[in-house]
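**Q** Attaching a single structure in structure tokens format; questions to follow.
The values are calculated or read from the model by the stated rules, or taken from the named source; none is laboratory data. These numbers come from a predicted model, not from an experiment. FYI the Cβ positions are ideal-geometry reconstructions off the backbone, even for glycines, and counts take in every protein chain you see. Each accessible area value is taken on the protein alone, full model and side chains, heavy atoms only, with ligands, DNA and RNA left out. Shrake-Rupley method; radii C 1.70, N 1.55, O 1.52, S 1.80 Å.
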Amino acid sequence: MSDERAAAVAPAVRRGMSPVVVTGAAVLSAYGRGTEALVSGVLSGQPAFATVERFDVSARRARVAATIPDSPELAAEVARAVGEACDDGGLSSADRARTPLFLAIHGDPAIGRAPEADKPSRGPDAFTAAAARACGLAEQRLRCYMSACVAASTAIADAAAMIARSHADRIVVAGGYLVECDQFALFDAGRVLAHDGQVRPFSAGRRGLLLGDGVGAVVLESLESARARGAPSLALLAGWGRSGDAYHPCQPRPDGHGMARAITAAMQRAGITAEELGYVNAHGSGTAASDPAEASALRLALGDAVATVPVSSTKSLHGQALEASGVLELIVTLLAARKGMLPVNAGFLGTDDRCRLNLVLGGALAATAEFAMSLNAAFGGANTALVIGLP
């Protein structure tokens with residue numbers, strides 16, 4: 001992205017704040033390792049769900065998730081993604097040593113079965129420090145985020161705010177979740193997993209969510225820092241917004257006012273109108289309560305433009321990656337927009353009048369999305385919205 005373009009679309013510049021750009025990205029998903037595997041898989045329109053073989057699901061109501069083969073180790077995959085994102089961003093060893101890590105993670109999957117004496121060394125702070133150390137990143141100003149499905153998007157918003165205010169030149173934000181037996185059992189016992197083996201966001205006949213592997217990392221940087229290094233920008237992180245429903249421990253606020261505030265804040269920070277928004281990658285979990293609330297939020301925030309802004313939920317393809325969702329879906333949104341192809345809202349069976357949106361149906365849609373938004377929501381009524389701008 002040119003300096004002129006970044007300055008033109010970021011009102012923060014006029015307030016003396018630095019434009020924030022994405023200069024590196026790396027990802028693992030059920031489609032494989034690497035950004036090309038992810039974008040190709042998502043744009044194929046073929047969901048990555050299959051029977052879980054990583055652990056025994058014979059006693060479970062639902063038996064499907066989106067996983068890569070075998071049993072990858074979370075710490076190793078997080079370190080790999082962070083290192084690859086730094087490589088993609090062209091960061092030198094000296095650059096890395098001055099760059100902190102913000103990590104969104106549920107925790108070390110082995111901690112519950114570890115001896116008591118070993119548990120402190122497996123806690124979230126220790127996990128984050130070990131990841132930073134493995135990748136040569138700064139071991140100061142580290143942060144670990146555990147706020148469920150908005151963990152990574154909250155980390156991204158925090159990092160962007162720090163960079164915009166010149167409190168940091170550069171921050172690597174990463175998130176990681178690999179489908180494992182304990183969380184799978186909890187979601188299955190809660191009857192929120194789709195027993196028909198498909199995620200059907202905003203559709204009549206939807207049955208719930210499905211879990212999916214996701215490990216991703218992005219390098220966020222001030223435009224000045226990227227320009228000084230001669231590093232090209234993948235996108236401008238133009239806006240971010242957050243809100244809380246204060247409604248229910250698990251259920252979203254039905255009228256969508258909470259998420260609508262996050263959407264509006266992100267667009268205002270980006271300095272765009274609803275008519276300029278070219279795509280929304282919705283939270284779209286495929287659950288009975290969440291989808292109508294999100295549709296209401298989009299109608300409130302976008303107004304009449306909701307009839308024309310394309311919407312899909314890529315969770316219908318790669319699954320729900322919990323704490324890693326925000327970074328995985330930001331990368332999906334960025335890659336798809338750069339290719340000029342918007343992912344399909346897979347699994348759709350028919351219209352639900354409570355979820356009337358301009359859904360991408362039938363296959364990926366060729367379209368220019370100069371600005372795109374990624375939405376996430378979580379238990380506790382937390383909502384996040386991230387807006388990217390492309391050259």
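**Q** Would you rank S233, S121 by solvent-accessible area, highest first, keeping every protein chain in place and using a 1.4 Å probe?
**A** S121, S233
**Q** On to the next question. Hey, what do the phi angles of the stretch 170-177 turn into as Karplus ³J(HN,Hα) couplings, whole Hz, using 6.51/-1.76/1.60 and θ = phi - 60°, x for Gly and Pro?
**A** Values per residue, Gly and Pro as x: 7, 9, 8, 10, 9, x, x, 8 Hz.
**Q** For the chain, what's the relative contact order in percent, using C-alpha pairs closer than 8 Å and at least 6 residues apart?
**A** 25 percent
**Q** Sticking with this structure for a sec: Give a quick list of trypsin sites (Lys or Arg not before Pro) in the stretch 146-254 that DSSP marks as loop, anything other than H, G, I, E or B, with at most 11 other Cβ atoms within 10 Å. Don't skip to the answer; put the middle values down first.
**A** Numbers: sites: R165, R170, R191, R206, R207, R227, R229, R242; in loops: R165, R191, R206, R207.
Counting only loop positions with at most 11 other Cβ atoms within 10 Å, the trypsin sites (Lys or Arg not before Pro) in the stretch 146-254 are R191.
**Q** By what distance, in whole Å, do the Cα atoms of the stretch 70-202 stretch along each of the three principal axes, largest value first?
**A** 48, 44, 26
**Q** Give the long-range amide H neighbours of Q320: residues separated by 5 or more places, or on another chain, with amide H under 5 Å away, using H modelled in the peptide plane at 1.01 Å from N.
**A** It is L210, L211, G212, by chain and number.
**Q** Working from the pairwise distances between different alpha carbons, so that the mean of 1/r is found and then inverted, what is the stretch 46-102's Kirkwood radius in Å? Can you show the working numbers first?
**A** Values: mean 1/r = 0.0697 Å⁻¹.
Taking every pair of different Cα atoms in the stretch 46-102, averaging 1/r and inverting gives 14.3 Å.
**Q** Rounded to the nearest 5, what is the percent of antiparallel bridges among the DSSP beta bridges in the chain? Walk me through the numbers on the way to the answer.
**A** On the way: 42 of 59 bridges.
Antiparallel bridges make up about 70 percent of those DSSP assigns within the chain.
**Q** Let's see if you can work this out: charge +1 on each Lys and Arg Cβ, -1 on each Asp and Glu Cβ, no other charges. What is the dipole magnitude of the chain about its Cα centre, in debye to the nearest 20?
**A** Its charge dipole is roughly 460 debye.
**Q** Which distance in nm do the two modelled labels at A228 and R133 give, with both placed 7 Å along the Cα-to-Cβ direction?
**A** 2.9 nm
**Q** A follow-up question, please. Hey, in the GNM for the chain with a 10 angstrom Cα cutoff, which one of H318, H167, H283 fluctuates hardest?
**A** The residue with the greatest mean-square fluctuation here is H167.
**Q** Identify which of G197, G284, G216 has the largest mean-square fluctuation in a Gaussian network model of the chain, with springs joining Cα atoms closer than 10 Å.
**A** G197
**Q** Compute, for the stretch 174-269, the length of the dipole vector about the Cα centre, with Cβ point charges of +1 (Lys, Arg) and -1 (Asp, Glu) only. Units Debye, rounded to 20. If you can, show how the numbers build up before the last one.
**A** Numbers: 10 positive and 9 negative charges, 81 e Å.
Computed about the Cα centre, the dipole is about 380 debye.
**Q** Treating the Cα atoms of the stretch 252-321 as identical point scatterers in vacuum, please give the log10 of the normalised Debye intensity I(q)/I(0) at q = 0.12, 0.18, 0.20, 0.24 Å⁻¹, two decimals.
**A** -0.30, -0.68, -0.83, -1.12
**Q** Just add up the charged neighbours of A81: K/R +1, D/E -1, any other residue whose Cβ is under 12 Å from the Cβ of A81. Spell out each step's value before the answer.
**A** On the way: positive: R33, R80; negative: E77, E84, D87, D88, D213.
In short, -3.
**Q** Another question, then. Considering amide H positions built from the backbone, and no H for Pro or chain starts, which residues 5 or more places from Y145, or on another chain, come under 5 Å of its amide H?
**A** The list, which skips near neighbours in sequence, is L103, A104, I105.
**Q** If you bin every alpha carbon distance in the stretch 282-371 into 10 Å steps from zero, what whole percent lands in each bin?
**A** Pair shares across the bins are 16, 50, 33, 1.
**Q** So how exposed is C250, as accessible area in Å² (1.4 Å probe, rounded to 10)?
**A** 70 Å²
**Q** Within the stretch 268-391, what percent of beta bridges assigned by DSSP are antiparallel, to the nearest 5?
**A** 60 percent
**Q** For the stretch 333-341, what does the Karplus curve 6.51 cos²θ - 1.76 cosθ + 1.60, with θ = phi - 60°, yield as ³J(HN,Hα) per residue in whole Hz, taken in order and with x for Gly and Pro?
**A** Couplings: 4, 4, 5, 5, 5, 5, 7, x, 9 Hz.
**Q** Taking the dipole about the Cα centre of the stretch 258-310, with the C-beta of Lys and Arg at +1 and of Asp and Glu at -1, give me whichever of G258, A293, A274 is farthest to the positive side.
**A** In the stretch 258-310, that residue is G258.
**Q** Can I ask one more? Send over a whole-number figure in Å² for the accessible area per residue of the stretch 73-206, probe 1.4 Å. Display every interim value, and only then the final one.
**A** Working: 5380 Å² over 134 residues.
Per-residue value: 40 Å².
**Q** Quick check: residue separation of Y247 and F55 times 0.36 nm, minus the Cα distance between them. What number comes out in nm?
**A** Details: separation 192, 0.36 × 192 = 69.12 nm, distance 3.58 nm.
Gain on stretching Y247 to F55: 65.5 nm.
**Q** Just to confirm my numbers, what's the Cα centroid distance between the stretch 76-118 and the stretch 28-49 in Å?
**A** Cα centroid of the stretch 76-118 versus Cα centroid of the stretch 28-49: 22 Å apart.
**Q** Another question, if that's okay. Starting from the amide H of A369, placed 1.01 Å from N in the peptide plane, find each other amide H under 5 Å away whose residue is 5 or more places distant or on another chain.
**A** none
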